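Worksheet: the structure to be examined is printed underneath.
The values are calculated or read from the model by the stated rules, or taken from the named source; none is laboratory data. The structure displayed is predicted, hence computed values, not measured ones. Positions of Cβ are backbone-derived with ideal geometry, glycine not excepted, and every protein chain shown enters the neighbour counts. Each accessible area value is taken on the protein alone, full model and side chains, heavy atoms only, with ligands, DNA and RNA left out. Shrake-Rupley method; radii C 1.70, N 1.55, O 1.52, S 1.80 Å.
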Amino acid sequence: MGELALAARSLDDNRSNPMDESRQAHQAPKPGGEKTVWWQRGVIYQIYPRSFQDSNGDGVGDLRGIVDRLDYLAWLGIDAIWISPIFSSPMADFGYDISDYRNIDPRFGTLEDFDRLLIEAHRRGMRVLLDLVPNHTSDRHPWFLEARSSRDNPMRDFYIWRDPGPDGGPPNNWQSEFGGDAWEWDERTGQYYYHAFLKEQPDLNWRNPRVRNEMYDVLRFWLNRGVDGFRVDVMWHLIKDAEFRDNPPNPDWTDGMPPHKRVLPIYSCDQPEVHEVVSEMRAVLEEYGDDRLLIGEIYLPLARLVAYYGRDLRGAHLPFNFHLIQAQWDARHIERQILEYEAALPEGGWPNWVLGNHDKPRIAARVGREQARVAAVMLLTLRGTPTIYYGDEIAMTDVSIPPEQVQDPFELRVPGQGFGRDPQRTPLQWDGSAKAGFTTGSPWLPIAPDVAEYNVEAERSDPSSMLTLYRRLLALRRKSKALTIGRYATVEAAGSLLAYLRETEEERLLVVLNLGPEPADLVLPGPCRIVLSTAGEGEEERIEGTLRLKGNEAVLAEMAG
Ligand code: GLC
């Protein structure tokens with residue numbers, strides 16, 4: 001067997017890997033008797049590759065840099081990395097504009113570097129998920145160059161072309177998410193093309209079976225190399241209304257909202273036929289066995305979100321749940337959202353939780369560093385697969401970017417209103433030096449000013465750091481069936497407290513989170529022993545009756561008996 005095939009299989013075959021052994025231990029039957037799979041028990045870590053680790057001094061992170069840091073990720077205790085796009089790209093939207101789906105952008109490295117990354121990750125018991133961007137290509141992709149060359153080019157219908165509307169302007173009122181019309185006039189062929197994002201990101205026509213087959217082959221290309229799954233970019237955008245009807249105005253639109261929210265995307269997104277596409281993608285993954293993971297990036301209200309599990313669960317394994325990213329930080333509000341989410345899940349649908357990503361302000365910026373610790377406990381104890389955004393584990397916060405250093409096309413097009421995404425994409429702080437151990441060159445985005453305090457090296461040896469908290473939580477999760485696959489049950493709590501149990505037949509864990517700065521009391525559902533406290537006090541103590549939490553404290557306790 002070749003090295004690649006070995007790498008692809010080593011997760012299952014390499015029994016000497018300590019992480020794999022712990023995985024085996026988790027394959028215990030669920031109460032219903034079903035087996036669970038790795039991504040139900042595991043934790044995903046998102047790498048924004050430009051900002052993770054630079055290995056060649058050009059100021060931009062790369063694949064060799066990721067390989068150099070895999071030992072850190074193994075030490076931290078995550079199970080899979082999802083890497084934002086690394087394919088050939090003119091970088092109009094930093095890799096979310098792909099010009100060759102089957103190659104690695106030279107800024108990130110080569111296909112050989114990728115194969116090495118896969119082998120090295122698998123050796124350490126970690127899976128690798130790629131970021132697939134099937135909704136749109138770069139305008140430099142050969143398909144688009146063909147398609148725009150003439151109206152009768154055989155690839156014309158790979159994209160979405162329309163004649164002008166009755167007034168000679170765009171065919172309808174659809175808006176680009178990055179500001180302005182979603183239609184770009186093509187002088188040469190006298191038609192508009194549709195782009196939900198930048199004009200450099202023309203949308204593919206997923207009603208065309210040839211587009212589907214091309215993209216499914218792209219999936220196979222990477223699956224053949226051994227990848228463990230995909231996060232599918234803007235999955236809910238793939239199919240648009242067949243009649244291209246105008247979107248209705250949004251009655252709730254106000255000035256502070258991004259301009260595209262002036263209309264409700266009723267016709268431009270989330271069309272019923274999208275589910276057929278998703279189930280076809282899923283079927284491609286299943287050609288490779290039953291452990292490849294399909295994640296969908298989907299921003300939709302709950303009822304529409306859970307539809308992406310698909311009929312008979314033939315859709316995405318994990319339609320990303322962004323509730324915690326969007327939530328008002330209030331105990332009752334979040335409690336309600338958890339219950340609504342649990343109730344909305346289809347039978348057998350596996351939950352998941354995301355606390356941050358490269359598109360939204362970091363959790364520490366949203367709720368403050370103290371509450372970010374409480375949020376970490378929440379993320380890693382709720383029922384379902386958690387996704388950690390790189391840097392959140394060391395309490396990185398948003399970095400303010402001077403106007404002349406702005407990189408993000410959203411900020412460049414809609415400046416000064418706080419939509420820019422650079423603040424949450426700054427280089428990971430590996431050590432306290434000026435360049436944070438990220439690069440020897442000039443970093444593509446500024447290093448956080450608080451690098452001396454918040455960095456991997458300093459936090460590794462500090463028992464009260466965020467990094468130590470994450471690592472402890474990840475270790476507890478790995479050991480505990482209740483935390484990974486156990487049931488969720490609400491415990492009655494008031495005010496700023498949120499409390500719940502995670503339980504199996506053998507183990508009951510109580511999680512109590514204080515979402516406010518003031519101390520608060522919880523009447524315990526029974527005697528328990530404190531296993532972890534974010535305040536670092538009272539651990540190992542047995543308590544009964546009332547549990548007093550400090551402000552901004554989170555506690556994990558084992559129920560007696
Ligand atoms: C997704 C990505 C975002 C990107 C957009 C267009 O939302 O997460 O970063 O700009 O799609 O591809």
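I want to confirm something. Restricting to region 367-392 and keeping residues that are among the charged types (D, E, K, R) and open to solvent by 10 Å² or more (accessible area, probe 1.4 Å), which single residue is farthest from the ligand (Cβ to nearest atom)?
By that ranking, first place goes to Glu370.
Between Ala395, Ala364, which is in contact (Cβ under 8 Å) with a residue 60 or more places away in the chain, aliphatic (A, V, I, L, M) and crowded, with 22+ Cβ neighbours inside 10 Å?
Result: Ala395 is the single residue among Ala395, Ala364 that is in contact (Cβ under 8 Å) with a residue 60 or more places away in the chain, aliphatic (A, V, I, L, M) and crowded, with 22+ Cβ neighbours inside 10 Å.
Test Arg245 against the criterion of being open to solvent by 60 Å² or more (accessible area, probe 1.4 Å), touching a helix residue (DSSP H, G or I) at 6+ places or on another chain (Cβ under 9 Å), assigned by TED's automatic domain parsing to the domain that holds Asp359 and touching a residue at least 24 places away in the same chain (Cβ under 8 Å), and give yes or no. It would help to see each step written out before you state the result.
Working: open to solvent by 60 Å² or more (accessible area, probe 1.4 Å): yes; touching a helix residue (DSSP H, G or I) at 6+ places or on another chain (Cβ under 9 Å): no; assigned by TED's automatic domain parsing to the domain that holds Asp359: yes; touching a residue at least 24 places away in the same chain (Cβ under 8 Å): yes.
Answer is no for this residue.
Leu524: more than 20 Å from Leu476 (Cβ to Cβ) and open to solvent by 10 Å² or more (accessible area, probe 1.4 Å), yes or no?
no
Hey, can you tell me all the residues within region 248-264 that are surrounded by fewer than 14 Cβ atoms within 10 Å (Cβ to Cβ) and either among the hydroxyl-bearing types (Ser, Thr, Tyr) or in contact with a Ser or Thr (Cβ under 7 Å, 6 or more places away or on another chain) (or both)?
Once the filter is applied, which keeps residues that are surrounded by fewer than 14 Cβ atoms within 10 Å (Cβ to Cβ) and either among the hydroxyl-bearing types (Ser, Thr, Tyr) or in contact with a Ser or Thr (Cβ under 7 Å, 6 or more places away or on another chain) (or both), region 248-264 yields only Thr254.
Does Arg282 satisfy the condition of being within 16 Å of the ligand (Cβ to nearest atom), at pLDDT 95 or above and closer than 24 Å to Arg41 by Cβ? Steps first, answer last, please.
Working: within 16 Å of the ligand (Cβ to nearest atom): no; at pLDDT 95 or above: yes; closer than 24 Å to Arg41 by Cβ: yes.
It is false that Arg282 is within 16 Å of the ligand (Cβ to nearest atom), at pLDDT 95 or above and closer than 24 Å to Arg41 by Cβ.
Could you tell me which residue of region 383-424 is nearest to the chain's Cα centre (by Cα), considering only residues that are aromatic (Phe, Trp, Tyr) and in a loop (DSSP other than H, G, I, E, B)? Lay out the reasoning, then the answer.
Filtering region 383-424 for residues aromatic (Phe, Trp, Tyr) gives 389-390, 410, 419.
Imposing the further condition that a residue be in a loop (DSSP other than H, G, I, E, B) reduces the set to 390, 419.
Working: Tyr390: 10, Phe419: 18 Å.
Across region 383-424, the extreme among qualifying residues is Tyr390.
Evaluate region 534-541: report whether one residue or more is polar (S, T, N, Q) and assigned to a loop (DSSP other than H, G, I, E, B). Give the derivation first.
If we filter region 534-541 for residues that are polar (S, T, N, Q), which is where we start, we get 534.
Then keep just the ones that are assigned to a loop (DSSP other than H, G, I, E, B); that gives 534.
For region 534-541, residues polar (S, T, N, Q) and assigned to a loop (DSSP other than H, G, I, E, B): present.
Specify which of the listed residues (Tyr101, Tyr159) is open to solvent by less than 20 Å² (accessible area, probe 1.4 Å), more than 30 Å from Thr484 (Cβ to Cβ) and within 21 Å of the chain's Cα centre (by Cα).
Tyr101
Looking at region 1-84, what helices (runs of 4 or more DSSP H) fall wholly within it and have at least 2 residues that are surrounded by 14 or more Cβ atoms within 10 Å (Cβ to Cβ) and modelled with pLDDT under 50?
Passing ranges, in order: 3-13, 18-25.
From Ile86, Ile44, grab the single residue that is within 30 Å of Arg383 (Cβ to Cβ) and within 16 Å of the ligand (Cβ to nearest atom).
Ile44
Yes or no: Thr504 in contact with a helix residue (DSSP H, G or I) (Cβ under 7 Å, 6 or more places away or on another chain) and exposed (fewer than 15 other Cβ atoms within 10 Å of the Cβ)?
Judged against the criteria, Thr504 is not a match.
Kindly establish whether Gln191 is of a type in the set (S, T, N, Q), open to solvent by 30 Å² or more (accessible area, probe 1.4 Å) and either within 30 Å of Asp408 (Cβ to Cβ) or free of Cβ contacts under 8 Å to residues at least 12 places away in the same chain (or both).
Criteria not met by Gln191.
Can you name the condition, by its number, that Tyr267 falls short on among (1) open to solvent by less than 50 Å² (accessible area, probe 1.4 Å); (2) within 18 Å of Tyr299 (Cα to Cα); (3) in the same structural domain as Arg304 (by TED's automatic domain parsing)?
If we test Tyr267 against (1) open to solvent by less than 50 Å² (accessible area, probe 1.4 Å); (2) within 18 Å of Tyr299 (Cα to Cα); (3) in the same structural domain as Arg304 (by TED's automatic domain parsing), just (1) comes out false.
Could you grab me the full set of residues in region 215-241 that are open to solvent by 60 Å² or more (accessible area, probe 1.4 Å) and free of Cβ contacts under 8 Å to residues at least 60 places away in the same chain? Please lay out each step first, then the result.
Going residue by residue through region 215-241, those that are open to solvent by 60 Å² or more (accessible area, probe 1.4 Å) are 217, 220, 224.
Listed by number, the residues that qualify are Asp217, Asn224.
Identify all residues within region 105-155 that are open to solvent by 20 Å² or more (accessible area, probe 1.4 Å), in a loop (DSSP other than H, G, I, E, B) and of a type in the set (Asp, Glu); write none if there are none.
Correct list: Asp139, Asp152.
For every residue, the table says whether it meets (1) under 17 Å from Asp270 (Cα atoms); (2) of a type in the set (S, T, N, Q).
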residue: Pro171; (1), (2): no, no
residue: Gln175; (1), (2): yes, yes
residue: Asp181; (1), (2): no, no
residue: Trp185; (1), (2): no, no
residue: Arg188; (1), (2): no, no
residue: Gln191; (1), (2): no, yes
residue: Pro209; (1), (2): no, no
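Conditions: (1) open to solvent by 30 Å² or more (accessible area, probe 1.4 Å); (2) in contact with a strand residue (DSSP E or B) (Cβ under 7 Å, 6 or more places away or on another chain); (3) within 16 Å of the ligand (Cβ to nearest atom). Gln407 meets all but one. Number of the miss?
All conditions pass for Gln407, except number (2).
Residues in region 363-382: is at least one in a loop (DSSP other than H, G, I, E, B) and either farther than 29 Å from Gln53 by Cβ or of a type in the set (A, V, I, L, M, F, W, C) (or both)?
Yes, that holds for at least one residue.
When you go through (1) crowded, with 20+ Cβ neighbours inside 10 Å; (2) among the small types (Gly, Ala, Ser); (3) in the same structural domain as Gly77 (by TED's automatic domain parsing) one by one for Ala493, which number turns out not to apply?
(3)
Tally up the residues in region 290-323 that are open to solvent by less than 20 Å² (accessible area, probe 1.4 Å), in a loop (DSSP other than H, G, I, E, B) and of a type in the set (A, V, I, L, M), please.
The total comes to 2.
Answer yes if at least one residue in region 221-236 is within 16 Å of the ligand (Cβ to nearest atom), assigned to a loop (DSSP other than H, G, I, E, B) and under 30 Å from Arg127 (Cα atoms), and no otherwise.
Residues of region 221-236 within 16 Å of the ligand (Cβ to nearest atom): 230-236.
Pick out the ones that are also assigned to a loop (DSSP other than H, G, I, E, B) and you get 233-234.
Now drop any that are not under 30 Å from Arg127 (Cα atoms), which leaves 233-234.
Checked region 221-236: at least one residue is within 16 Å of the ligand (Cβ to nearest atom), assigned to a loop (DSSP other than H, G, I, E, B) and under 30 Å from Arg127 (Cα atoms).
Looking at region 162-192 only, could you name the residues that are farther than 15 Å from Val263 by Cβ, outside any loop (DSSP other than H, G, I, E, B) and either within 16 Å of the ligand (Cβ to nearest atom) or modelled with pLDDT under 95 (or both)?
Glu184
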